[in-house]
Amino acid sequence: MLSLLRNRAFAVAGGTSANWSRAVSLSTCGGQLSPVSGNERWLHTSVLDRHQSVPRRLSPVTVASVPPAAIHPVASKDESREFMSLFPDLLRDLTDAGRHLDIPEVTKWLSKVLQYNVPGGKRNRAMAVVYSYRLLAKESDLTPENKRLTMILGWCVEILQAFFLVTDDLMDQSSTRRGKACWYKVNDIGLAAFNDGVLLESAVFQLLRTHFREKNYYLELIELFHDVIYKTSMGQALDLQTSHNGKPDLAVFTMDRYRAIIKYKTAYYSFVLPVAVAMHMAGIKDVEVHRQARTLLLQMGEFFQIQDDFLDCYGDPSITGKIGTDIQEGKCTWLAVVALQRANAQQREVMEQFYGSSDSKHVQIIKDLYEELNVPLTYSTHEEESYNRIRTLIQQVSRGLPVELFFKFLDQIYKRQN
């Protein structure tokens, strides 16, 4: 394994002995990074001076240089088509004018909100619900009706994500999402988009009430969705508190803070929720089984968000579907935290001066600093180590959970480009 990482780092570093000497100085341990040596650190010229006087070089690790993951979809093409064909029925459930004869303009608007923001994603979370139930349920419970119900739950997860994205884009003032304008930018909707997010959140519970209120696991579903919304909102609050008056507070950019943000803001709704709803529907009530699943899925959620941070900075917008703005917004990202862990006083001053600026020259200065601190190469090493660590955790599952479920999800996100 060590030789594999050495070869990988050597290749990424450019294949030269000089670059290799820098590559082997990188190490990770519990999220804490070993600093470059004092001699090497002070041999660097100022990032700002270098930016002004020397042509910029490309990052040693780019999305184009990373081979795409072997894609093993959790759903067949037929299942995906069947899933998509259900959306118009749910749209009618939510906008049935017969129940709201006195406010037809609102139901028409809700239809627009749903159609613009919900169906355009990769649907990985929704398909995770369907796939999880197929592996977890008894053979006798795998009926056409239950399959349809898992797909409705999948759509509930997708609508919930749309709620989070609409409001998050508004708060972050993002430009694009899924390859098109963010909802708040469409026809100058602006702050009114916040209420549209509330409509999307309400739609989730309306669908749950319509299709699951007679089920013996209805209460568990309601409590789960409420709990995930609560946790995700707390993660968003923690994220927002990393800046003051529009300026990032780099003093709080620690690995512990970062991990707390992504655990609550991303991992619960993206990884824990899809599997947990399938477990409840399958009648799995063992607290220890739920704990083991949650532990693994939170690890995957962290792995996923660190990839997202990297793709925001180095990804191709034509593939990712969005223009990266983490640097401009002063976000507490894995890249920024690692850079600050490794930075000397001069380099930290560069971060203080330029991180969070929307000026394209300032953004490039930060990217140059990331390269000087070997952050892209460190990411490559971290990705490999995290993947193998999660595989080991999966193999240690001991309470009746099918390991293929977790291996499938891990393979889906490993080396992803969007």
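The values are calculated or read from the model by the stated rules, or taken from the named source; none is laboratory data. Source: prediction; values computed, not measured. Cβ placement follows ideal geometry from the backbone for every residue including glycine, while neighbour counts extend to all protein chains displayed. Please note that ligands, DNA and RNA were not included when accessible areas were found on the heavy atoms of the full protein model with its side chains. Shrake-Rupley method; radii C 1.70, N 1.55, O 1.52, S 1.80 Å.
Worth a mention:
- Figure note: 280, 244 ranked by solvent-accessible area, largest first, 1.4 Å probe, ligands and nucleic acids not counted: 244, 280.
- The charge dipole of the range 216-417, taken about its Cα centre with unit charges on the Cβ atoms of Lys, Arg (+1), Asp and Glu (-1) only, comes to about 400 debye.
- Charge-dipole axis of the range 216-417 as Lys and Arg at +1 and Asp and Glu at -1 on Cβ define it, positive-most pick from 281, 378, 240: 281
- Here the range 72-214 has 53 percent of its accessible surface on carbon and sulfur atoms, given a 1.4 Å probe and all protein chains in place.
- Using a probe of 1.4 angstrom and keeping all protein chains present, the accessible surface of the range 216-417 works out to 38 square angstrom per residue.
- Förster radius 41 Å - calculated FRET efficiency between residue 78 and residue 216, Cβ distance, rounded to 0.05: 0.85
- With a threshold of 27 Å on the Cα-Cα distance, the over-threshold entries among 247/367; 322/367; 180/215; 108/185; 231/322 are 180/215.
- Each of 314, 325, 296 was scored by the projection of its Cα onto the charge dipole of the range 296-418, and the greatest displacement toward the positive side belongs to 296; charges sit on the C-beta of Lys, Arg, Asp and Glu.
- Put a plus charge on the Cβ of each Lys and Arg, a minus charge on the Cβ of each Asp and Glu, and nothing anywhere else: the dipole of the range 242-287 about its Cα centre is then about 80 debye.
- Which of 215, 415, 408 is most accessible, then next, and so on - probe 1.4 Å: 215, 408, 415
- Shown are 263, 112, whose ranking by accessible area with a 1.4 Å probe and every protein chain present, most to least, is 112, 263.
- Label separation (residue 109 vs residue 89): 3.0 nm, computed from points 7 Å beyond Cα along the C-beta direction.
- Candidate aspartates and glutamates - alpha carbon under 18 Å from residue 361, same-chain residues fewer than 8 apart omitted: 49, 312, 326, 329, 349, 352, 371, 372
- Take the Cα of residue 191, go 7 Å toward its beta carbon, and the backbone nitrogen atoms of the range 218-251 under 19 Å from that spot belong to 245-246.
- Between the listed residues 154, 131, 173, the Cα displaced farthest toward the positive end of the dipole of the range 110-188, a dipole computed from Cβ unit charges relative to the Cα centre, is found at 131.
- Amide proton proximity set for residue 176, modelled H, under 5 Å, gap of 5+: 182, 323
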